[in-house]
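The structure appears below as structure tokens.
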Amino acid sequence: MDSGRVRLSRSIVGEEEAREVARVLIEDGYLGMGSEVDRFEGEIAAFLGVPRDHVACVASGTSALQLAVEAVVDEPADVLVPSLTFVSSFQAIRAARCTPVSCDSREGDALLDLEDVARRVTPGANVLMPVHYASWPGDPEAVYAFARERGLRVVEDAAHSFGCTVGGKRVGSFGDVVCFSFDGIKNITSGEGGAVVSADPEVMRRVRDARLLGVEKDTDARFSGARSWEFEVSRQGYRSHMSNLFAAVGRVQLRRFTAFAEARIALARQYRTRLAGLGGIAFFETDLGPVVPHIQPVRVLGGRRDEVRARLLAAGIETGIHYKPNHLLALFGGGAPRLPVAERLYGELLSLPLHPGLRAEDVDRVCGAIIETLG
Ligand SMILES: *Cc1c(COP(=O)(O)O)cnc(C)c1O
């Protein structure tokens with residue numbers, strides 16, 4: 001048996017990505033946002049089944065969230081967001097000069113608890129940011145009904161959910177504003193990168209302008225290898241565009257999506273099968289198949305999470321904790337308000353290794369070590 005280290009996650013990139021980057025480096029002569037980004041956006045749109053102009057690539061998932069929030073508000077607003085998310089969601093809201101309002105999660109699937117959100121809606125709340133934890137979008141109809149009743153815009157943090165479907169429809173092909181991440185370990189990577197997807201032309205116009213310093217209508221010029229010289233700027237902008245080099249990586253990865261998805265789903269199923277019936281471990285509710293899991297969190301019950309984590313580490317197996325709730329961080333509340341479910345989950349969560357390069361025997365080894373500890 002292989003006794004090497006089992007990594008929690010890793011990028012799966014190879015010769016084909018390297019060849020495409022080399023092609024762009026050598027042929028392109030322009031490494032910023034240009035024709036390669038144009039093609040990547042078109043291919044993402046085709047993959048999602050949305051019109052070409054519903055997709056804009058940006059520098060990261062965090063930038064996608066920031067620009068999306070800025071695009072749906074005219075004044076600084078409160079954004080309702082689950083505390084149990086990557087710090088990126090909170091920093092993006094703050095970077096958009098808005099205020100994150102920490103909400104609790106549901107115990108069964110770690111998604112935003114709308115009953116808790118209902119108690120926390122402030123008069124200044126304009127935006128709801130659900131997070132598709134472990135790629136599971138839950139029940140988008142309920143989320144959108146909730147938002148409609150209260151007049152909230154929805155910015156979905158779908159960083160985990162690229163390629164997932166709900167009722168046969170791809171995440172990103174419906175809804176208000178949907179943000180993806182293509183960072184190194186997400187379902188597909190462009191190295192670093194992200195995308196905003198929306199059918200709202202005003203949102204897309206604002207995001208396209210904001211990603212390149214607020215220069216209005218610059219995208220078309222850039223995509224044809226030119227740039228605007230006589231331009232107007234009327235809103236804050238950033239250097240948040242995607243480079244042609246990164247788009248070249250992303251285009252190859254998009255073609256590999258189906259293979260990646262099959263690997264992730266098979267490994268996640270194997271974890272469930274091997275650990276079924278082990279009393280000390282609980283899986284979150286999800287629907288593998290439509291859901292392509294980016295991470296594999298489990299709950300370790302009975303206060304034994306740290307013990308299991310230490311045993312796995314000693315066996316050369318990396319694990320993670322997704323996530324430390326943001327309301328516990330100094331910048332975002334320092335422990336206020338109390339969010340009992342998020343705080344309890346934080347003590348139980350353990351993410352097991354999951355990436356398309358993981359082998360069935362690795363999952364066996366991980367499960368064996370868990371069973372040895374808890375069994
Ligand atoms: C990865 C991630 C992001 C941010 O994406 P980056 O591309 O890393 O900036 C946002 N939210 C969640 C939940 C994530 O996991």
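The values are calculated or read from the model by the stated rules, or taken from the named source; none is laboratory data. It should be emphasised that the depicted structure is a prediction, and the values quoted were computed from it without experimental measurement. Heads up, the Cβs are rebuilt from the backbone with ideal geometry, glycines too, and the neighbour counts pull from every protein chain shown.
Here are some residues: Met242, Met204. Which one is in contact (Cβ under 8 Å) with a residue 40 or more places away in the chain, surrounded by 16 or more Cβ atoms within 10 Å (Cβ to Cβ) and more than 27 Å from Val21 (Cβ to Cβ)? Spell out the reasoning first.
Values: Met242 fails: more than 27 Å from Val21 (Cβ to Cβ).
Result of the check over Met242, Met204: Met204.
For residues that are under 26 Å from Glu361 (Cβ atoms), in a loop (DSSP other than H, G, I, E, B) and touching a residue at least 40 places away in the same chain (Cβ under 8 Å), tally how many sit in segment 1-52.
Counting residues in segment 1-52 that are under 26 Å from Glu361 (Cβ atoms), in a loop (DSSP other than H, G, I, E, B) and touching a residue at least 40 places away in the same chain (Cβ under 8 Å) gives 12.
For segment 181-202, how many residues are more than 16 Å from Glu41 (Cα to Cα) and more than 10 Å from the ligand (Cβ to nearest atom)?
3
How many residues, within segment 80-104, are within 14 Å of the ligand (Cβ to nearest atom) and closer than 17 Å to Leu329 by Cα? Steps first, please.
Let us first name the residues in segment 80-104 that are within 14 Å of the ligand (Cβ to nearest atom), namely 81-96, 100.
If we keep only those that are closer than 17 Å to Leu329 by Cα too, we end up with 81-95, 100.
The total comes to 16.
For the condition farther than 23 Å from Val197 by Cβ and buried (at least 17 other Cβ atoms within 10 Å of the Cβ), what is the one hit in Ala147, Ala110? Please lay out each step first, then the result.
Numbers: Ala147 fails: farther than 23 Å from Val197 by Cβ.
Exactly one residue qualifies, and that residue is Ala110.
Which numbered condition in (1) small (Gly, Ala, Ser); (2) part of a loop (DSSP other than H, G, I, E, B); (3) away from the ligand (no atom under 16 Å from the Cβ) is the only one that Ala142 fails?
The single condition Ala142 does not satisfy is (2).
Among the residues of segment 270-278, is any of a type in the set (Ser, Thr, Tyr), buried (at least 18 other Cβ atoms within 10 Å of the Cβ) and touching a Cys at 6+ places or on another chain (Cβ under 9 Å)?
Residues of segment 270-278 of a type in the set (Ser, Thr, Tyr): 271, 273.
Okay, now just the ones that are also buried (at least 18 other Cβ atoms within 10 Å of the Cβ), so 271.
Next, from what is left, pick out any that are touching a Cys at 6+ places or on another chain (Cβ under 9 Å): 271.
Within segment 270-278, one or more residues are of a type in the set (Ser, Thr, Tyr), buried (at least 18 other Cβ atoms within 10 Å of the Cβ) and touching a Cys at 6+ places or on another chain (Cβ under 9 Å).
Restricting attention to segment 145-156, does a residue exist that is within 12 Å of the ligand (Cβ to nearest atom) and either of a type in the set (A, V, I, L, M) or assigned to a loop (DSSP other than H, G, I, E, B) (or both)?
yes
Go through segment 160-202 and count every residue that is aliphatic (A, V, I, L, M) and under 27 Å from Ser234 (Cβ atoms).
Of segment 160-202, the ones aliphatic (A, V, I, L, M) are 166, 171, 177-178, 185, 188, 195-197, 199.
Within this subset, residues satisfying the condition of being under 27 Å from Ser234 (Cβ atoms) are 177-178, 195-197, 199.
Of the residues in segment 160-202, 6 are aliphatic (A, V, I, L, M) and under 27 Å from Ser234 (Cβ atoms).
Here are Thr99, Thr85: which of them is at pLDDT 95 or above, touching a strand residue (DSSP E or B) at 6+ places or on another chain (Cβ under 7 Å), surrounded by fewer than 19 Cβ atoms within 10 Å (Cβ to Cβ) and among the β-branched types (Val, Ile, Thr)?
Thr99
Filter segment 109-138 for residues that are part of a strand (DSSP E or B) and more than 16 Å from the ligand (Cβ to nearest atom) and give the result. Can you show your working first?
Filtering segment 109-138 for residues part of a strand (DSSP E or B) gives 112, 125-128, 131.
Selection gives Ala125, Asn126.
Just give me the residues in segment 185-230 being over 30 Å from Ala261 (Cα atoms) and among the small types (Gly, Ala, Ser), in sequence order.
Across segment 185-230, the qualifying residues are Ala210, Gly214, Ala221, Ser224, Gly225, Ala226, Ser228.
Considering only residues that are touching a helix residue (DSSP H, G or I) at 6+ places or on another chain (Cβ under 6 Å), at positive phi and assigned to a loop (DSSP other than H, G, I, E, B), which ones fall in segment 165-204?
Selection gives Gly172, Gly193.
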